[in-house]
1. Search the stretch 54-85 for residues being at pLDDT below 90 and under 22 Å from residue 117 (Cβ atoms), and hand back the single one that is surrounded by the fewest Cβ atoms within 10 Å (Cβ to Cβ).
2. Are any of the residues in the stretch 71-78 within 25 Å of residue 51 (Cα to Cα), assigned to a helix (DSSP H, G or I) and of a type outside the set (Phe, Trp, Tyr)?
3. Give 25, 88, 30 a once-over and let me know the one that is of a type in the set (A, V, I, L, M, F, W, C), at pLDDT below 95, over 30 Å from residue 115 (Cβ atoms) and not in a helix (DSSP H, G or I).
4. Only residues that are assigned to a helix (DSSP H, G or I), of a type outside the set (Lys, Arg) and free of Cβ contacts under 8 Å to residues at least 60 places away in the same chain: list them for the stretch 101-125, please.
5. Hey, could you check the stretch 97-110 for residues that are surrounded by fewer than 16 Cβ atoms within 10 Å (Cβ to Cβ) and among the hydrophobic types (A, V, I, L, M, F, W, C) and say which is farthest from residue 71 (Cα to Cα)?
6. Do any residues in the stretch 54-67 that are touching a residue at least 60 places away in the same chain (Cβ under 8 Å) have Cβ atoms under 7 Å from those of residues that are aromatic (Phe, Trp, Tyr) and assigned to a helix (DSSP H, G or I), where the two are at least six apart or on different chains, and which pairs are they?
7. I need the full set of residues from the stretch 91-100 which are of a type outside the set (D, E, K, R) and either in a helix (DSSP H, G or I) or in contact (Cβ under 8 Å) with a residue 12 or more places away in the chain (or both), in order please.
Amino acid sequence: MNFDPLKQSLAERVITTAIIVIAVLLLLALIGWCTGRWEDKAQAQSLVLILPPSKWDAKMLELDKQALDEAYVAKIKHIFDIYVREGLTSPEGPMKGHANAQRAYVEGQKALEAREKELEHRGLK
């Protein structure tokens, strides 16, 4: 194989480029794996934004809980509606959608629990 780009055929250039791209991707994957960033993002701790205290914090927490419940129910209804309307032959898509909705609901509940504990710590609830 000739490494002078001006003397290489098109096929040789394509093969050389593919080898370089694969090597770079493998190197990036190795770096990600070694630094621990290869792990699933779902295992990362949930982010909780804590704003300065206000007299409406307890009320907003209750509204957030209600909104999370309503959003979950609305999402499940939407998934079921699509399944029925499109007459899907396989329930795989709706099952994945349902699992994603459950996962999001659980993460939302965890965040609300953390906010509730913070309010209790502040003495606002």
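The values are calculated or read from the model by the stated rules, or taken from the named source; none is laboratory data. Every value quoted in this text rests on a predicted model; they were computed, and no experiment measured them. Here Cβ is always computed from backbone atoms with ideal geometry, including for glycine, and neighbour counts include all displayed protein chains.
1. 55
2. Yes, because at least one residue in the stretch 71-78 is within 25 Å of residue 51 (Cα to Cα), assigned to a helix (DSSP H, G or I) and of a type outside the set (Phe, Trp, Tyr).
3. Values: 25 fails: not in a helix (DSSP H, G or I); 30 fails: not in a helix (DSSP H, G or I).
Step by step, each of 25, 88, 30 is checked, and only 88 is of a type in the set (A, V, I, L, M, F, W, C), at pLDDT below 95, over 30 Å from residue 115 (Cβ atoms) and not in a helix (DSSP H, G or I).
4. Within the stretch 101-125, 101, 102, 104, 105, 106, 108, 109, 112, 113, 116, 120, 121 meet the criteria.
5. If we take residues in the stretch 97-110 being surrounded by fewer than 16 Cβ atoms within 10 Å (Cβ to Cβ) and among the hydrophobic types (A, V, I, L, M, F, W, C), then 99 is farthest from residue 71 (Cα to Cα).
6. If the second residue must be aromatic (Phe, Trp, Tyr) and assigned to a helix (DSSP H, G or I), no pairs are left.
7. 93, 94, 95, 97, 98, 99, 100
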